[in-house]
Each structure stands twice: as structure tokens, then as C-alpha cells.
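Worksheet: the structure to be examined is printed underneath.
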């Protein structure tokens with residue numbers, strides 16, 4: 001689209017997908033049966049944030065996926081052993097932020113972003 005100012009609309013990377021009321025009801029039902037946000041996004045062809053937006057508009061409480069109680073000590077061990085927060089998150093299938101919160105709550109100090117711990121006096125890269 002062009003006017004006196006020049007191009008006013010850039011190309012749209014992805015067309016918008018609008019869900020019908022029936023599809024939103026199905027999305028809510030699947031979420032309440034345990035489907036995850038990413039899986040729902042794939043199922044309906046929408047972004048995970050859009051899934052969450054539909055759930056919030058439908059007054060559905062959002063589940064938080066973090067480390068389970070039994071996983072925290074192992075996550076701390078892996079992190080203190082040299083893995084980054086992101087790497088520990090990949091092991092458990094949770095976000096880097098989820099690992100950061102759990103590790104910090106367990107009393108471990110958080111290293112600067114992307115840094116691995118030194119093991120036996122040798123920095124692991």
C-alpha cells in the first residue's frame with residue numbers, strides 16, 4: 001500500500017487466523033484436558049501467545065509449567081556442575097526462566113548469561 005508518504009504497510013509475514021466461537025470452545029476444552037499451549041497453537045495454526053489470549057478472554061486459569069519438586073535438586077546439580085540455564089531447561093523441557101527461578105529459590109547463585117561454570121579449575125566452554 002502506498003500513499004503520499006510512500007509505503008505505509010510492509011508485507012505481512014503471516015496471515016491472521018481467526019478462530020470461530022466453536023474453535024475457541026474446543027481450544028478451551030482441550031486445554032482443560034491437559035493439552036499444552038504450544039500443542040494447541042500447532043493444532044489451530046496460531047501462535048502460543050494467541051492461545052493464551054483466547055484462554056484469558058475465556059476466563060480460564062493458565063497453568064504454569066516449571067520444574068516439579070523432585071526435579072529441582074537435579075536441576076541445581078546440573079547447573080552447579082556447569083550447564084547453562086538454557087541447557088538445564090532443555091533437559092527438563094522447561095524455559096530458561098523457569099530454571100532460573102527454581103535454581104535461585106534453591107539458594108544457588110546465578111551466573112552471568114551464557115556463562116558455564118568452571119569445573120576443576122578449568123572453564124568449560
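The values are calculated or read from the model by the stated rules, or taken from the named source; none is laboratory data. If you're wondering where the values come from, they're calculated on a predicted model, not measured in any experiment. Cβ atoms come from the backbone with ideal geometry, glycine included; neighbour counts cover every protein chain shown.
Check residue 15 against each of (1) at pLDDT 85 or above; (2) over 30 Å from residue 100 (Cβ atoms) and name the one condition it does not meet.
(1)
Name the residues in region 94-113 that are without any contact (Cβ under 8 Å) to a residue 24 or more places away in the chain and closer than 13 Å to residue 68 by Cβ, would you?
Selection gives nothing.
Only one residue in 70, 81, 114, 97 is at pLDDT below 80 and exposed (fewer than 13 other Cβ atoms within 10 Å of the Cβ). Which one?
Among 70, 81, 114, 97, only 114 is at pLDDT below 80 and exposed (fewer than 13 other Cβ atoms within 10 Å of the Cβ).
Being under 14 Å from residue 64 (Cα atoms) and at pLDDT 90 or above is the filter here; which residues of region 24-48 pass it?
Passing the criteria: 31, 32.
What number of residues within region 26-60 satisfy the criterion of being outside any loop (DSSP other than H, G, I, E, B), under 15 Å from the mean Cα position of the chain (by Cα) and farther than 15 Å from residue 93 by Cα?
So the answer is 9.
Do we find that residue 63 is under 19 Å from residue 98 (Cβ atoms), part of a loop (DSSP other than H, G, I, E, B) and at pLDDT below 90 in this structure?
Here the answer is yes, as residue 63 does meet what is asked.
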